[in-house]
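The values are calculated or read from the model by the stated rules, or taken from the named source; none is laboratory data. Small disclaimer: the values here were computed from a predicted structure and weren't measured. Here Cβ is always computed from backbone atoms with ideal geometry, including for glycine, and neighbour counts include all displayed protein chains.
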Amino acid sequence: MGRLLLLVSVLVFASSCAERPAGTSQKRAPRNHLVEVMTLEAHPTRITYVRPGTLKLRRSVHIDNREEGAITALPYFEGDRVAKGAVVLRIDADLLQLELAKARATTRQAQIDLRRVRNLLARNAASEDEVAQARTALEIAQAEQRLLEKRLQYTVIKAPFDAVVTERLAEPGDVVARHTHLLTLADPDSLIAESKLSELLLARLQTGDAVEIRIDALDGRAFPGHIRRIHPQLDPKTRMGTVEIAFDAIPPEARAGQFCRVTLKTAARKRLTIPFAALQRDRKEAFVYLYDAGEGIARRTPVRSGARLADRVEIVEGLHPGQTLIVRGFLGLRDGQKVKPLHDRAEDTAG
């Protein structure tokens, strides 16, 4: 029985070999590599960035005393509102007032002496030198009087602008030396948001650009603002620069020192963007695959990318509008490989 089955198998194999034409190959024709493509276009695009910041009072002043002595009045405390011109500090001026009274008396006596010497000169009883000396004595007395009057003014300090007290560093009765920091005043209307930004982002911003400010302590509410000032100098270690952002309307609950997040949008300009998944990388470079319709192949093309825009990325070098980009079908894809596009996704290129 086994020999019979073996014989039948040999006959079937021989028959099949006789029916196959001579020279026929068993290799199948290579299949096209299927890819999905899109036509590149540039579209006006704004780039949005969110960066941390801190609220800060831009305008503030230290109140220092120019005369030493005991403090007789310091009426305002932290948080108090102060009107422009209001007295915020008084220093004991009794000794200066006595010295000023003495200087005024000296001035009056010098005036009398000068008149007397001039009368004597008219009768040839005095010389020109004596008149000059009397005139000089009067000028010295007048200068001393003006000096004491100015020092007396320094014992009373007034607010230079409408302000709020942020620091109180002394109390009435304290005896203080000259140039001691006693009080700090700040302009509440000068509240700004300050943020540190990289040099790459700074190059894309300009004063007047609209900004949104979110303050975590105020339930994350957003307030409109604009860039008021971009500082010209960067930190050489971090390559970061400072940007000052003004509120369009300062929220009354906002306080200096609070944490905030600023949302910045660059000016709209035409940018060439591609799906992020189409950007490939290896150890050498970033690259994409373009479809060469003339030869029906994929061409590897080095590129330089820019900002990430959600699920897309800006290409700043290496590509041009009108080229056909391969966006899917990368598995096993090689440079110069024959490919077959499925369809063109030009309608999906809006940036």
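Would a scan of segment 85-96 turn up a residue that is surrounded by 16 or more Cβ atoms within 10 Å (Cβ to Cβ), in a loop (DSSP other than H, G, I, E, B) and free of Cβ contacts under 8 Å to residues at least 24 places away in the same chain? No, the conditions are met nowhere in segment 85-96. Of the strands (runs of 3 or more DSSP E) contained entirely in segment 224-308, those carrying at least 2 residues that are under 18 Å from the mean Cα position of the chain (by Cα) fall at 240-247, 259-265. Any residue at all in segment 150-173 that is of a type in the set (Lys, Arg) and touching a strand residue (DSSP E or B) at 6+ places or on another chain (Cβ under 8 Å)? Scanning segment 150-173, I find at least one residue that is of a type in the set (Lys, Arg) and touching a strand residue (DSSP E or B) at 6+ places or on another chain (Cβ under 8 Å), so the answer is yes. For segment 309-325, the set of residues classified as within 29 Å of the chain's Cα centre (by Cα) and either at positive phi or outside any loop (DSSP other than H, G, I, E, B) (or both) consists of 309, 310, 312, 313, 314, 315, 316, 317, listed by residue number.
In segment 244-258, the residues that are surrounded by 14 or more Cβ atoms within 10 Å (Cβ to Cβ) form Cβ pairs under 6 Å with partners that are not in a strand (DSSP E or B), at six or more places apart or across chains, as follows: 258/217. Of all residues in segment 145-198, which are of a type in the set (Lys, Arg) and in a helix (DSSP H, G or I)? Within segment 145-198, 146, 150, 151 qualify.
All of (1) under 20 Å from the mean Cα position of the chain (by Cα); (2) within 30 Å of residue 92 (Cα to Cα); (3) among the aliphatic types (A, V, I, L, M) hold for residue 192 with one exception: (2). In this structure, is residue 165 touching a residue at least 40 places away in the same chain (Cβ under 8 Å), in contact with a Gly (Cβ under 7 Å, 6 or more places away or on another chain) and under 30 Å from residue 189 (Cβ atoms)? It is true that residue 165 is touching a residue at least 40 places away in the same chain (Cβ under 8 Å), in contact with a Gly (Cβ under 7 Å, 6 or more places away or on another chain) and under 30 Å from residue 189 (Cβ atoms). Suppose we filter 266, 273, 238 for residues that are β-branched (Val, Ile, Thr), at pLDDT below 95 and surrounded by fewer than 17 Cβ atoms within 10 Å (Cβ to Cβ); which single one remains? Of the residues listed, the single one that is β-branched (Val, Ile, Thr), at pLDDT below 95 and surrounded by fewer than 17 Cβ atoms within 10 Å (Cβ to Cβ) is 238.
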